[in-house]
Every structure is written in C-alpha cells, then in structure tokens.
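Below: the structure, in structure tokens.
The values are calculated or read from the model by the stated rules, or taken from the named source; none is laboratory data. Keep in mind it's a predicted model, so treat the numbers as computed, not measured. Positions of Cβ are backbone-derived with ideal geometry, glycine not excepted, and every protein chain shown enters the neighbour counts. Ligands, DNA and RNA are stripped out before the accessible areas are found, and what is left, the full protein with its side chains, is counted by its heavy atoms. Shrake-Rupley method; radii C 1.70, N 1.55, O 1.52, S 1.80 Å.
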Amino acid sequence: MSVIKDKFGRPLQDLRISVTDRCNFRCRYCMPREMFGKDFTFMPRKQLLSFEEIERIAKIFVQMGVRKIRLTGGEPLLRKDLPVLIEKLASIPELEDVALTTNASLLERMAWELKAAGLNRVNVSLDAIDDAVFAEINDSSYKTNTVLRGIDKAQEVGLGVKVNMVVKKGMNDNQVIPMATYFKERGITLRFIEFMDVGTTNAWDFSQVITKKELYDELSKHFSLEAVNSAYVGEVAKRYRYTGSATEVGFITSVSESFCSSCTRARIAADGKLYTCLFASDGLDLRSILRSETDDEAIRSAVVCAWQKRDDRYSDERTEETAKNRKKIEMSYIGG
Ligand code: SAM
Ligand code: SF4
Ligand code: SF4
C-alpha cells in the first residue's frame with residue numbers, strides 16, 4: 001500500500017463520517033435556533049449515505065491507509081440503528097479504531113449496545129456542569145445529569161471516554177474550573193476547545209475566543225500541570241497531566257496555535273460529500289460516484305485525486321476577513 005500524500009506531504013490517516021445533519025440540541029455556537037428552527041429543511045433520508053454505502057467507502061479509505069474512523073453529526077446517536085453501522089465498520093480487519101463524538105443525551109441507554117457492536121471510544125461534548133449555563137448553551141431541555149449519567153454508563157461498559165468543552169467568552173468561562181475539578185476527580189480527560197469560526201451562522205468574533213494560554217493560566221491557579229508528549233504525529237490536542245496523577249487535560253488550539261501542518265484528516269458529510277478541511281466551502285460528491293460506479297477503483301481514484309490536490313491550511317492563514325466573509329459549511333453538516 002502506497003501512502004497517499006497531499007500537496008504539503010500530509011498523509012491521509014483519519015476519517016470522520018457524519019451520519020446525520022439533525023440534532024436534538026440547538027447549541028447557540030453551532031445550530032442557533034434562529035437559523036435551525038422549525039422551518040429549517042434537513043436532508044431527506046434518501047440523500048443520506050446508507051450504511052452499505054458508508055461501509056463501502058470506509059473499506060476503500062482503509063485500503064488507502066486510514067486506521068481510525070470517527071462517527072459524528074449532527075447528533076450521531078439520532079441516526080436509526082447506528083450500532084448496525086458500527087458493527088459493519090468494526091469488522092473491517094485493518095481498521096484499528098472506531099470512535100464516536102456525541103452530546104451524550106442518548107448515551108446512557110445506548111452505551112451497552114454501542115460497545116457490543118464494536119465501538120472503542122466516545123468523545124462526549126459538554127460545555128458546562130451547571131444546569132443553568134448548560135441550558136443557556138444547548139437551548140433545549142436537556143440537563144447535565146443526563147450527559148453525566150451517559151458518561152458513567154459508557155465507562156461502566158468499557159468504552160474509552162474523553163470530554164470536550166468548547167469555551168467561549170461570556171458563555172461558559174465560569175465553568176472551566178468546575179468542569180476540570182469534576183473530571184479530574186473521576187480520572188477522565190477533559191479537553192478545552194477554542195471557539196472556532198466554523199460555518200457562517202454562529203456570529204464568531206475573535207474577541208469571544210478564550211485561548212489556550214488564557215485557559216492554561218487560569219487552570220494553573222488551581223492545579224499543578226505538567227506537559228505530556230504527543231502520542232503520535234498529527235495528534236490534535238496539546239496534552240498535560242495533573243502533577244502526581246495519570247489524569248490528563250488537553251487543549252485544542254485551532255485558533256491560537258494552528259496545527260494544519262500535521263492535519264491528516266478527511267471528512268465525509270451525511271450526504272456523502274468529501275471535504276479535506278473543516279473550513280472548506282465545497283467538497284467532492286462521493287455519493288454520486290458511489291451510486292453510479294460499480295467499480296471501487298473509480299471511487300478510490302476520485303479520493304486519491306482530491307487528496308493529492310489538497311492544499312488546505314485555513315487555520316494557519318485565518319484573518320478577521322476570512323473568518324467573517326469566507327463561505328464555509330456548517331459544523332452540524334460536516335461534523336466536528
Ligand atoms: N452532536 C455531537 C456533539 O456535539 O458532540 C457531534 C457533532 S458536534 C458538531 C462536534 C463537536 O463540534 C462538538 O464537540 C461541538 O462542541 C464542536 N463545535 C461545534 N461548533 C463549534 C465551534 N464553533 N467551535 C468549536 N467547536 C465547535
Ligand atoms: Fe448538536 Fe453537537 Fe452542534 Fe450541539 S454541537 S448543536 S449537540 S451538533
Ligand atoms: Fe486541518 Fe483545515 Fe483544520 Fe487546518 S484548518 S487543521 S487543514 S481541518
């Protein structure tokens with residue numbers, strides 16, 4: 001197998017697949033209700049890739065060197081029969097890791113089934129431990145307790161668990177220390193994500209970003225931290241551990257310290273479009289190719305061609321101008 005590299009020599013190593021554009025939350029920074037209200041038209045079912053189509057594509061990507069697949073959305077647990085898809089993916093021999101990113105609202109009831117299907121890990125998104133702050137962010141009726149019970153259950157059934165928290169100035173900065181304290185006590189890795197200018201609906205402004213440095217300085221007032229080396233090239237989070245323990249805390253610094261030079265990730269949206277960057281404005285229509293081609297080789301060449309042409313480095317080049325004016329696809333569509 002020859003490694004496929006893009007214009008900057010970055011290999012194609014991991015794949016994120018969005019399985020739905022729907023969500024039961026309306027996080028204000030991702031799917032604000034004003035934009036994603038009752039009248040919003042989500043993708044009709046026949047536009048979504050079927051499980052068989054996803055499996056076929058996944059096998060082709062694995063043949064090309066991908067070893068990790070993460071399912072995302074929208075909210076992936078809303079996709080009917082998701083464990084059936086997980087089982088299909090988990091049985092691809094060379095695939096080492098099948099993971100899921102979720103808001104965990106349905107995790108408590110699904111954790112066992114997901115684990116039994118072959119899921120390895122979940123990243124749970126939770127931006128606050130306080131119910132009032134959480135309600136303000138997700139703009140729906142879910143309580144933190146539902147998410148926390150989902151996390152407990154996932155651990156109980158043996159899934160790897162990490163928690164991701166987007167931090168936005170004025171939204172949940174007062175939750176940083178309570179979240180760190182809660183997850184430190186439970187030995188769960190918490191990762192802080194800088195608020196990003198994905199999509200065009202979240203009214204992003206640089207003044208709302210709390211940078212890794214600010215977060216680190218705040219945490220250091222309460223905890224002693226020591227740096228941990230990256231586990232592999234292309235690892236996105238900057239890792240630290242609480243001194244004297246094995247529990248880690250991480251930072252995903254897309255805005256303040258971009259990591260495009262080691263970005264090895266492709267994304268497939270729920271309608272089968274392939275994107276080579278989270279901030280792309282257009283992608284390759286893999287669904288049409290899949291539905292018209294019986295030969296896997298044609299799909300493989302289309303993907304190779306897209307990856308070899310790839311010169312994305314949006315975060316390296318971000319300016320106020322690109323953040324505000326560039327056309328970008330929405331996070332709930334492409335999957336985080
Ligand atoms: N619904 C699932 C969830 O929330 O985990 C999966 C999809 S969601 C789009 C994936 C991740 O993207 C979540 O952790 C979410 O917090 C993050 N996200 C969404 N909009 C973001 C933004 N503007 N900046 C940073 N992270 C964002
Ligand atoms: Fe839904 Fe996840 Fe977006 Fe929140 S971040 S609205 S849970 S897709
Ligand atoms: Fe990768 Fe695009 Fe993010 Fe850079 S901006 S790290 S190329 S997804």
Connecting C-alpha atoms closer than 10 Å in a GNM of the chain, tell me which of 117, 154, 132 has the biggest fluctuation. 132
Take residue 260 and residue 39, extend 7 Å from each Cα along the Cα→Cβ direction, and tell me the distance between the two endpoints in nm. 3.7 nm
HN-Hα J in Hz across the stretch 31-45 - Karplus 6.51, -1.76, 1.60, θ = phi - 60°, x for Gly and Pro: 10, x, 4, 4, 9, 10, x, 4, 8, 5, 9, 7, 5, x, 3
What number, in percent, do you get for the relative contact order of the stretch 161-213 if the mean sequence gap of Cα pairs under 8 Å and at least 6 apart is divided by its residue count? 46 percent
Cysteines without a disulfide-compatible partner [the chain; Cβ-Cβ under 4.7 Å]: 23, 260, 263, 277, 305
Expected 222 nm ellipticity per residue - DSSP helices of 4 or more, -39500 (n - 2.57), all of the chain, to 500: -9000 deg cm²/dmol
Tell me the trypsin sites (Lys or Arg not before Pro) within the stretch 257-336 that lie in a loop according to DSSP and have at most 10 other beta-carbon atoms within 10 Å. 327
Can you compute the FRET efficiency between residue 316 and residue 56 using 1/(1 + (r/R0)^6), with r the Cβ-Cβ distance and R0 = 35 Å? Round to the nearest 0.05. 0.55
Determine the equivalent ellipsoid of the stretch 175-253 by diagonalising the alpha-carbon gyration tensor, then write out the semi-axes as square roots of 5 times the eigenvalues, largest first, rounded to whole Å. 24, 15, 11
How much accessible surface area, in Å² rounded to 10, belongs to the heavy atoms of residue 276 with a 1.4 Å probe? 30 Å²
Springs between alpha-carbon pairs under 10 angstrom, Gaussian network model over the chain: which of 261, 125, 207 fluctuates most? 207
Along Cα→Cβ, 7 Å out, is where each label goes; now give me the distance between the ones at residue 297 and residue 246 in nm to one decimal. 4.9 nm
Over the chain, what is the relative contact order in whole percent, taking alpha-carbon pairs under 8 Å and six or more residues apart? 22 percent
Sort 157-163, 41-47 by the packing proxy (mean of other Cβ within 10 Å over each peptide's residues), most packed first. 157-163, 41-47
In nm, what is the difference between 0.36 nm times the number of residues separating residue 169 and residue 288 and their Cα-Cα distance? 38.7 nm
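Quick one: of 212/328; 7/59; 153/221; 168/238; 273/327; 38/273, which pairs are farther than 28 Å apart, Cα to Cα? Spell out each step's value before the answer.
Details: 212/328 24 Å; 7/59 24 Å; 153/221 32 Å; 168/238 18 Å; 273/327 16 Å; 38/273 25 Å.
Listed pairs above 28 Å: 153/221.
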Using a probe radius of 1.4 Å on heavy atoms only, what accessible surface per residue do you get for the chain? Whole Å² is fine. 44 Å²
May I ask you to give the percent of accessible area on the chain that is carbon plus sulfur, with a probe radius of 1.4 Å? 48 percent
Hey, in the GNM for the chain with a 10 angstrom Cα cutoff, which one of 263, 30, 305 fluctuates hardest? 305
Provide the FRET efficiency to the nearest 0.05 for the residue 145-residue 208 pair, computing r from the beta carbons and using R0 = 25 Å. 0.35
What is the sum of charges around residue 147, taking Lys and Arg as +1, Asp and Glu as -1, for the other residues whose C-beta is under 14 Å from the C-beta of residue 147? 0
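So, counting K/R as plus one and D/E as minus one, what does the shell of residues with Cβ under 11 Å around residue 134 add up to?
-4
Based on a Kirkwood Rh over C-alpha pairs, give the Stokes-Einstein translational diffusion coefficient of the chain at 10 °C and viscosity 1.306 mPa s in µm²/s.
Rounded to a whole number, D works out at 78 µm²/s.
How many percent of DSSP beta bridges within the stretch 14-334 run antiparallel, rounded to 5?
30 percent
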